[in-house]
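The values are calculated or read from the model by the stated rules, or taken from the named source; none is laboratory data. As the structure is a computational prediction, the values presented were derived from the model and not from experiment. So basically every Cβ, Gly included, is an ideal-geometry build from the backbone, and we count neighbours across all protein chains shown. Ligands, DNA and RNA are excluded from the accessible area calculation, which covers all protein heavy atoms including side chains. Shrake-Rupley method; radii C 1.70, N 1.55, O 1.52, S 1.80 Å.
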Amino acid sequence: MPLMETDFNPNRRNVLRLFGLGGAITFLPAGFAKAATTVTAPEDRAVYISASAGNNDDFYVSAFNAQGKILYEQPLPGRGHDVGLRPNHVDVAAVERRPGLYALIMNRHTGEVRATLKSPEDRRFYGHSVYSSDGRYLYITENDFDNARGVISVWDAQNGYKRVAEFDSYGMGPHELHLLPDGEGMAIANGGLKTHPDFDGRTPLNIETMEPNLTVISRKTGEKLYQTRLKDDWHKLSIRHIDVTLDGTIATGFQYHGGLNDEVPLVGLWKPGGPELQALEAPDNVQYRMRQYCGSVRFDVSGSVFAISCPRGGVVTFWDAHNGKFLTNIAAPDGCGLAATDRKGEFVGTSGLGSGWRMDAINRKRIELPDDSLKSLKWDNHLQRISA
Amino acid sequence: MPLFDTGCRRAMAGLIVTIAAGLSAPPAAHADLPDGQYHDVIVHLLSKVMPPQLDALHSSTATLATGMSDFCKSPDKAGLAKMRDGFNDAMDRWQEVQPWRMGPMMANGRDQLIEYWPDKHGTAARQFRLLLRNKPPLYTNPAKIADASAALQGFPALEEVLFDPKLAGQIVAKDKDGVYLCQYGTTIAGNLEKLTGELVAQWPAFADAMINAGPDSLDYPTSKFAATDLYRALHEGMLIIISQKLARPLGEGPDDANAKRAESWQAERSLRNISHNLKSLFAIYDGELNGAGESGKGMVALIGADSLLDRSFRLNWQKIRDASDALPDSMVAVLAQPGGFDKVQELENQVAYGVMLVENDVGGHTELGGGFNALDGD
């Protein structure tokens, strides 16, 4: 039976590849229009965007709807990581994962490529980006590998995404970054890992001496405003992923580069200007399932709960943002991407095995997203939600 | 060329563990296996193979606890030798349970309470000195010992009491310290009996949760997912042998080697521990341990018993066994021998090669080696 234009066909991925980066094809309009006319709840109209992969080293930025139906796939020249959302605009920034050479600016509704950013020869992108609240500037974490220095590059979105400045990240291996609620402070997770393209750009070269930290800089001047770190015994905990809630609290997930059965915390909470980073541990029978590795962090819509995914353990853990207490955990095989829905305590999660779930931390429920098209891809590290 | 050679040894050991723990490229995926096949392996390993091992561990610690109590009434050298034998019996059983890092083994930090090791900061030694100086009653009170530091309530503390020549001498001499130490040892043995009894009691509920994996379970949505716990036990058990039980004492090379960094060095059974670990790890693959279970019904059932892959794996595992069998029980003794370092390093190399086989052959064909994000996240 011939496929309808709006039916997703995984075989089209090969066709898409032939089109190259300029050949974005949208599957969105008809299916999306239909959805918009038959459902009313905002969550039902939400769209989720994530980096993804096929089975043949083919990589994409893909979007799916609240049912898990894939809306489009935009081929990427290499594996993506996270996408940054430009406020009040169609742009999203898909930055190649470390050591990244490109970032693509795409239309969030269609996947169409609107601009291509290239890292300077002596820099590599590190997978994450964030826009200023007014959407004018895009900030990307980078590695100044010859100087083993973390950098935040600044790109002017209103002027053709021209690279206009760069700031020190005040640490090595900057990874995820977010704006604080005031729109001026920018929180950066400096993972502490030294890497160099001569050694594949990913292999850690300084595990014994790594010094991760969490830093807040001024997004306008680059001035360091606040910094915190874990105690020296825990210096092998790479502070990698963060999210920020409306009151400025930062939740963070760590990746441990020490022994498999060392007892170390993997989660942290910090409010810039307040006490030092608070390290959190789950109960033992959950903590070991986290397998020393957190993949992504997300606050819920209310800011009272945050989720930490642990793909190596196949579990998502949920925490009380007010007191740091562990709430519950839900199994999620190879689950990593997380996005908050518009409901308190609820998240959508995605898996490298193709699944997607709606997870309710308060009632401890997990419902698989029903549309099977989602399973045609491996969903990468991070997930973003666009409200309709 | 050996994977580990002298020079940059520790970095190499760290690298292989880092790579193996999640940074290697995903092995080629095999065709989907029916979930029922994973279910059968789980049922076999968790309900046939493991419970008798837990019973044996519990029984051996109970015997040790009773023995210690009797011994302390009138300690002498012969009695001490018997207690050391009892310790070794219980430790053998523990080393066959230790790699099964899942469920009640991990709950409430039980694995660390049973054996606090590796003790990278020398916590136990420091606390032990304080214990001897102050002789707090807490440590001789069976009802309170569970409140004590983990470093002072399990096998390593009992090893110190029974195998440190000076302390053992004091026990036999029945001096003031010796009387206290003997009571303390009895309390630890009783604590081990209690902890291992908890393992026995809690295991069936854990096994049931794994066996009843399904879409309604928020812990084990499929049998395949549940079976990853078993694969990880095999994989991580081997990585722990390399990175902690061998690489730590071997250090950067022969001049840096120090047997006192090994597990159970004082009882002179560091390598005996590894031998029992290996026996248990192979059971996860094979399906039989100490007469419990059945060969061919472990993880090998997922790749085909007696298949070419299975035969190859067994041959290579035999090389690991051979390297282990060529060594004495004691790391102290072997490192004191000419060429001893190389013999231990040969075992390390064989286990490292085995890790690669587990990842590629077992992990790849059973599809339990991890997914896209688990194997190569960021």
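For region A:90-121, a residue qualifies if it is within 14 Å of chain B (Cβ to nearest Cβ) and in contact with a helix residue (DSSP H, G or I) (Cβ under 8 Å, 6 or more places away or on another chain), and exactly one does: A:Pro99.
When we screen B:Val344, B:Val362, B:Val355 for residues that are within 14 Å of chain A (Cβ to nearest Cβ) and open to solvent by less than 60 Å² (accessible area, probe 1.4 Å), the only hit is B:Val355. Does region B:165-182 contain at least one residue that is within 14 Å of another protein chain (Cβ to nearest Cβ), hydroxyl-bearing (Ser, Thr, Tyr) and in a helix (DSSP H, G or I)? Looking for residues that are within 14 Å of another protein chain (Cβ to nearest Cβ), hydroxyl-bearing (Ser, Thr, Tyr) and in a helix (DSSP H, G or I), one finds none in region B:165-182, hence no. Mind listing whichever residues of region A:348-365 are touching a Leu at 6+ places or on another chain (Cβ under 9 Å), over 24 Å from B:Gly369 (Cα atoms), within 14 Å of chain B (Cβ to nearest Cβ) and open to solvent by less than 40 Å² (accessible area, probe 1.4 Å)? Residues satisfying the conditions are A:Arg358, A:Met359, A:Ala361.
Based on what the data block shows, is B:Pro136 open to solvent by 30 Å² or more (accessible area, probe 1.4 Å) and either at pLDDT below 95 or of a type in the set (A, V, I, L, M, F, W, C) (or both)? When the stated conditions are applied, B:Pro136 passes them. The criterion of at least 3 residues that are within 16 Å of A:Cys336 (Cα to Cα) is met, among strands (runs of 3 or more DSSP E) falling completely within region A:234-309, by A:237-244, A:250-256, A:296-299. The criterion of at least 3 residues that are more than 14 Å from every other protein chain (Cβ to nearest Cβ) and open to solvent by less than 10 Å² (accessible area, probe 1.4 Å) is met by the following strands (runs of 3 or more DSSP E) wholly inside region A:170-220: A:185-190, A:213-218. Restricting region A:49-79 to residues that are within 14 Å of chain B (Cβ to nearest Cβ) and in a strand (DSSP E or B), the residue that is most open to solvent (accessible area, probe 1.4 Å) is A:Phe59.
Contact annotation: residue pairs with Cβ atoms under 7 Å, 6 or more positions apart or on different chains, pairing a residue in region A:281-300 that is within 8 Å of another protein chain (Cβ to nearest Cβ) with a partner that is assigned to a helix (DSSP H, G or I) and open to solvent by 20 Å² or more (accessible area, probe 1.4 Å), are A:Asp284/B:Asn108.
Considering (1) within 14 Å of chain B (Cβ to nearest Cβ); (2) assigned to a loop (DSSP other than H, G, I, E, B), the lone condition that A:His128 does not fulfil carries the number (2). The number of residues in region B:299-313 being open to solvent by 40 Å² or more (accessible area, probe 1.4 Å) and touching a residue at least 24 places away in the same chain (Cβ under 8 Å) comes to 3. Restricting attention to region A:366-388, which residues are closer than 27 Å to A:Ser302 by Cα, at the interface with chain B (Cβ under 9 Å from one of its Cβ atoms) and surrounded by 19 or more Cβ atoms within 10 Å (Cβ to Cβ)? Passing the criteria: A:Arg366, A:Trp379, A:Asp380, A:Asn381.
Screening B:Gly296, B:Gly370 for residues that are within 14 Å of chain A (Cβ to nearest Cβ), in a loop (DSSP other than H, G, I, E, B) and open to solvent by 10 Å² or more (accessible area, probe 1.4 Å) leaves exactly one candidate, B:Gly370. Restricting region B:153-173 to residues that are of a type in the set (Val, Ile, Thr) and either in the same structural domain as B:Arg269 (by TED's automatic domain parsing) or out of contact with any Asp or Glu (no Cβ under 7 Å at 6 or more places or on another chain) (or both) leaves a set whose member that is surrounded by the fewest Cβ atoms within 10 Å (Cβ to Cβ) is B:Val161.
Scanning region B:98-118 for residues that are away from chain A (no Cβ under 14 Å) and either assigned to a helix (DSSP H, G or I) or open to solvent by 30 Å² or more (accessible area, probe 1.4 Å) (or both) turns up nothing. For B:Met68, indicate whether it is under 23 Å from B:Asp208 (Cα atoms), modelled with pLDDT of 95 or more and crowded, with 19+ Cβ neighbours inside 10 Å. Here the answer is no, as B:Met68 does not meet what is asked. Mind checking whether some residue in region B:282-295 is within 15 Å of B:Leu357 (Cβ to Cβ) and in contact with a Leu (Cβ under 6 Å, 6 or more places away or on another chain)? Yes, region B:282-295 contains a residue that is within 15 Å of B:Leu357 (Cβ to Cβ) and in contact with a Leu (Cβ under 6 Å, 6 or more places away or on another chain).
Taking the condition in contact (Cβ under 8 Å) with a residue 60 or more places away in the chain and either aliphatic (A, V, I, L, M) or surrounded by fewer than 22 Cβ atoms within 10 Å (Cβ to Cβ) (or both), does A:Ala332 pass? Answer is no for this residue.
Listed by first and then second residue, the pairs linking a residue in region B:220-241 that is facing chain A (nearest Cβ under 10 Å) and within 26 Å of A:Arg364 (Cα to Cα) to a residue that is outside any loop (DSSP other than H, G, I, E, B) and among the acidic types (Asp, Glu), with Cβ atoms under 6 Å apart and 6 or more places separating them unless they lie on different chains, are B:Thr222/B:Asp35; B:Lys224/B:Asp35. Scanning region B:329-341 for residues that are surrounded by fewer than 22 Cβ atoms within 10 Å (Cβ to Cβ) and either within 18 Å of the chain's Cα centre (by Cα) or over 27 Å from B:Glu263 (Cα atoms) (or both) yields a total of 2.
This table checks each residue for (1) modelled with pLDDT of 95 or more; (2) at negative phi; (3) open to solvent by 30 Å² or more (accessible area, probe 1.4 Å).
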| residue | (1), (2), (3) |
| --- | --- |
| A:His81 | yes, yes, no |
| A:Asn88 | yes, no, yes |
| A:Leu101 | yes, yes, yes |
| A:Leu117 | yes, yes, no |
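Consider region B:217-252 and keep the residues that are among the small types (Gly, Ala, Ser) and part of a helix (DSSP H, G or I). The one that is most open to solvent (accessible area, probe 1.4 Å) is B:Ser243. Check whether at least one residue in region A:315-322 is among the hydroxyl-bearing types (Ser, Thr, Tyr), touching a residue at least 12 places away in the same chain (Cβ under 8 Å), within 11 Å of chain B (Cβ to nearest Cβ) and closer than 30 Å to A:Pro275 by Cα, and report yes or no. No; the residues of region A:315-322 include none that is among the hydroxyl-bearing types (Ser, Thr, Tyr), touching a residue at least 12 places away in the same chain (Cβ under 8 Å), within 11 Å of chain B (Cβ to nearest Cβ) and closer than 30 Å to A:Pro275 by Cα.
Between A:Val297, A:Val301, A:Val267, the distinction of being β-branched (Val, Ile, Thr), open to solvent by 10 Å² or more (accessible area, probe 1.4 Å), under 18 Å from the mean Cα position of the chain (by Cα) and at negative phi belongs to A:Val301 only.
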